[in-house]
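Student: Right, I'll just put the structure down here and ask away after.
The values are calculated or read from the model by the stated rules, or taken from the named source; none is laboratory data. None of the values given here were measured: they were computed from a predicted structure. So basically every Cβ, Gly included, is an ideal-geometry build from the backbone, and we count neighbours across all protein chains shown.
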Amino acid sequence: MMQKSIREVILSQLKDILTRRKAWDVYQSEIVTALLDIPTYVTDENKNRTVKKLDKLYTYLASIGFNGEDLLFLKKETKDLDSYKQLYSYDTKDKIIQKDEIQKFITLGFGQEGVIGIPQKYNYDQVKYLITKVWHETKKVKFYVSKERVMVGKIVAEMYEHQQQIPIAKVIEKVTSKAEEEMQRLVLFGESVSSANSWKTLKEIESPFFIYRFITEDGIESILLSPTKQSVGEKIVTGMTTFRHDNKQLTDSAKLSTKLMYIIAQEVESKIAKFQDKEEFLNYLEVKKFNTQDIVKFPFAYKTEPKHYVELKYPEWYKSLIWSFLLHKPKGFKSPYPMHLLIVGDRGSGKSTTMELLHEKTHEIGPMFSGSSSTLKSLVPSFRSNPPKIGYLGESSRFAFCDEFFRCVLRDKNMESNEKDEQIAILNDLLEHKKRSAGSGNGSVTVDMKAKVIATTNPIRDAGDMTKLLQRFDMSFLSRLLIVFQNEEIVKYARGGVDESTEYKSTINEIEFTNILDFMQTIPAKYDKSRLRELFDAPKKVLSNDLLDHYESRHYHHMECLIDGLIKYRCIQNNNYTKFEAIEEDYYRLTLIWQNVISSWIPVNKIMNMDVRVRIDYMPEKAQYVFWKIAKQDRVLNRGEIQELVLGELTKKECTEALILLEDKEIVNVDTNYKYHTYFNNRPLTDNELNKANTIIKFIPKQTN
């Protein structure tokens with residue numbers, strides 16, 4: 001039975017009603033004209049427009065004397081249409097190609113066989129039709145690859161190291177008992193043959209392809225056949241798609257029959273960085289005219305409406321840490337790899353919020369990884385399916401966002417210890433961005449991870465500090481991450497809510513922000529390694545043996561990554577990109593971050609065992625600021641005098657909180673006259689001490705409530 005469009009249904013109903021009233025001839029012209037504006041079929045795009053037109057038609061019909069009962073059908077059609085939602089549209093494309101077009105293909109490459117790239121945007125059904133027609137006319141097998149689609153996505157792994165000979169077409173013959181019934185067929189890539197044993201192959205055309213796992217920017221997994229060798233990374237692919245049957249693993253025991261997309265590529269280009277050099281980058285900034293503060297705020301702001309944002313508050317050292325993570329270039333002599341970041345903190349401390357904001361801003365393919373509902377196996381290559389899964393880390397492009405990280409590491413309670421060790425070993429190699437081949441009976445893949453990992457986790461039972469964490473997990477795994485336990489200062493900011501006065505209209509969007517990150521990560525910054533080594537050695541005297549072993553394994557690498565990112569962050573803040581070389585401000589910021597990281601490893605009671613001259617370095621930034629303000633005065637001061645000294649930089653409340661902390665940690669003492677004494681015993685500061693005081697006072701950003 002022929003189906004009718006919504007326009008035809010309504011017209012038929014109205015014609016019946018008006019014919020019974022002998023009024024069809026009177027109103028026919030107006031009704032037909034009104035219905036012409038209604039689409040023959042409805043899509044999500046034109047649904048609302050169609051509903052409005054039906055409402056308008058209802059009003060017109062009521063005005064010419066139709067009663068409510070007559071128009072019930074129209075009300076029902078309108079209501080049904082308003083609740084309609086198109087989940088998927090299947091578009092059947094015409095596979096017919098005109099004879100003159102086919103003749104052109106017969107003439108081109110006359111007498112030759114093989115794989116030929118063509119400029120037309122034919123879909124695979126059309127290409128099959130064309131190939132078959134050409135074969136019937138010439139008995140030559142020519143497999144055409146069209147420019148059907150241009151796809152942006154990421155090559156996440158190479159399936160084989162070398163080219164593979166892929167059968168893309170073959171001529172087969174079926175012979176019966178009667179010679180006159182001999183039959184030949186052309187079978188193309190992706191097609192199957194029933195009763196395959198009763199056919200013999202007369203000719204097979206193979207073509208060499210490199211084979212990769214490819215994920216499009218909208219998350220579709222596929223197999224990419226490329227005529228040229230490619231590297232793992234973001235790509236723009238021009239070619240033709242087809243589908244082959246596949247089984248998708250849903251659970252350990254359940255599979256779903258699906259179709260896997262294959263892309264036969266004509267061209268594969270790197271999604272090249274927007275800027276080839278610094279000059280091009282500076283020209284881009286000049287044209288865009290970004291507000292510098294908009295860039296600085298962007299990672300820590302959430303969108304309230306298009307282009308409107310509200311900035312969340314964080315301690316300045318913590319913001320510098322995140323910015324450095326985003327900007328730094330991977331470090332290492334033989335195989336450079338980045339600093340991965342793991343943030344440990346209690347529930348409600350703002351960890352996930354930070355990561356969600358960064359995920360939103362960095363244009364990452366795919367969702368965040370949740371350790372609450374996943375296992376360690378989901379992060380690394382898995383071979384239960386064919387082709388094998390690459391795992392979340394390998395599939396990530398710039399950044400891999402892992403929430404509740406420890407949960408997934410500990411979730412596999414039934415996993416044998418040797419199997420878990422194997423998974424951790426694979427994870428370790430991925431974190432160091434080592435290109436690794438792995439496989440099983442189901443197949444093999446070569447994974448070349450490119451992303452930086454930022455992970456968050458709640459403290460786990462019996463492992464609430466760094467020392468206990470090292471007893472629970474393999475040190476080689478933990479050392480590949482810079483681990484930060486959130487302190488009270490971060491939690492206080494996170495739970496303090498949002499200051500609505502910080503709402504602003506931004507001059508930068510997510511894609512523009514990502515363009516800046518991509519370029520900045522390619523720039524090597526310069527710094528004094530002797531200064532770095534001095535800063536690196538300073539905390540060793542306060543670390544236990546276990547912490548010291550962990551610290552010395554890879555943390556100098558993390559420190560190099562940090563200083564690289566901090567230099568670039570300062571350049572962004574100052575809107576000065578002429579020289580990426582460390583200055584005193586960068587070393588101080590590095591010191592502040594490093595002291596906060598190390599102090600987060602050390603239980604509070606252990607801090608009191610430090611020499612008082614070291615203890616000050618492990619205080620929050622505002623407490624350090626107040627301390628050095630006092631120390632520079634070369635005299636004892638009362639609380640009012642100290643508050644007056646920092647007024648304009650800190651509020652009275654902030655100053656009081658800093659003094660209480662300094663007194664509690666016995667860094668300052670209060671005498672019977674309520675005068676504050678430092679450990680300098682009222683002597684003048686030495687040149688080194690004065691330089692340190694001036695540096696801290698100058699570079700610790702003061703934030704008032």
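Student: Considering only residues that are of a type in the set (Val, Ile, Thr) and either at pLDDT below 90 or in contact with a Gly (Cβ under 8 Å, 6 or more places away or on another chain) (or both), which ones fall in the range 483-512?
Tutor: ILE490, VAL491, VAL498, THR502, ILE511
Student: Would you please name the residue that is surrounded by the most Cβ atoms within 10 Å (Cβ to Cβ), looking only at residues in the range 555-585 that are modelled with pLDDT of 95 or more and among the basic types (Lys, Arg)?
Tutor: The residue in question is LYS568.
Student: Would you check which residues across the range 439-469 are under 21 Å from ILE426 (Cα atoms) and modelled with pLDDT under 85 and list them?
Tutor: GLY439, SER440, GLY441, ASN442, GLY443, SER444, VAL445, THR446, VAL447, ASP448, listed by residue number.
Student: Checking the conditions here, which among LYS297, LYS334, LYS319, LYS377 is over 22 Å from ILE598 (Cβ atoms), assigned to a helix (DSSP H, G or I) and free of Cβ contacts under 8 Å to residues at least 60 places away in the same chain?
Tutor: LYS377
Student: Checking LEU357 against (1) buried (at least 22 other Cβ atoms within 10 Å of the Cβ); (2) over 28 Å from TYR212 (Cβ atoms); (3) at pLDDT 90 or above: exactly one of these is not met. Which one?
Tutor: All conditions are met except number (1).
Student: Let me ask another. Give the residue that is surrounded by the most Cβ atoms within 10 Å (Cβ to Cβ), with candidates limited to residues of the range 341-354 that are within 25 Å of ILE572 (Cβ to Cβ) and in contact with a helix residue (DSSP H, G or I) (Cβ under 6 Å, 6 or more places away or on another chain).
Tutor: That would be ILE343.
Student: Something else now. Mind checking which residues of the range 643-695 are touching a residue at least 24 places away in the same chain (Cβ under 8 Å), assigned to a helix (DSSP H, G or I) and exposed (fewer than 13 other Cβ atoms within 10 Å of the Cβ)?
Tutor: If the condition is that a residue be touching a residue at least 24 places away in the same chain (Cβ under 8 Å), assigned to a helix (DSSP H, G or I) and exposed (fewer than 13 other Cβ atoms within 10 Å of the Cβ), then LYS653 is the only one that fits.
Student: Among the helices (runs of 4 or more DSSP H) contained in the range 1-110, which hold 2 or more residues that are modelled with pLDDT of 75 or more and loosely packed, with under 14 Cβ neighbours inside 10 Å?
Tutor: Values: elements: 6-20, 24-36, 47-63, 72-82, 99-107.
Here the list reads 6-20, 47-63, 72-82, 99-107.
Student: Okay, moving on. Note down all Cβ pairs under 6 Å where the first residue falls in the range 539-561 and is of a type in the set (Ser, Thr, Tyr), the second is not in a helix (DSSP H, G or I), and they're at least six residues apart or on different chains.
Tutor: Taking only residues 6 or more apart or on different chains, the pairs are TYR551/LEU543; SER553/SER479.
Student: A further question on this structure: Any idea how many residues of the range 575-605 are in contact (Cβ under 8 Å) with a residue 24 or more places away in the chain and either of a type in the set (A, V, I, L, M) or part of a helix (DSSP H, G or I) (or both)? Steps first, answer last, please.
Tutor: Initially, the range 575-605 is screened for residues in contact (Cβ under 8 Å) with a residue 24 or more places away in the chain, giving 575, 577, 580-582, 584-603.
Now drop any that are not either of a type in the set (A, V, I, L, M) or part of a helix (DSSP H, G or I) (or both), which leaves 582, 584-602.
Within the range 575-605, residues that are in contact (Cβ under 8 Å) with a residue 24 or more places away in the chain and either of a type in the set (A, V, I, L, M) or part of a helix (DSSP H, G or I) (or both) number 20.
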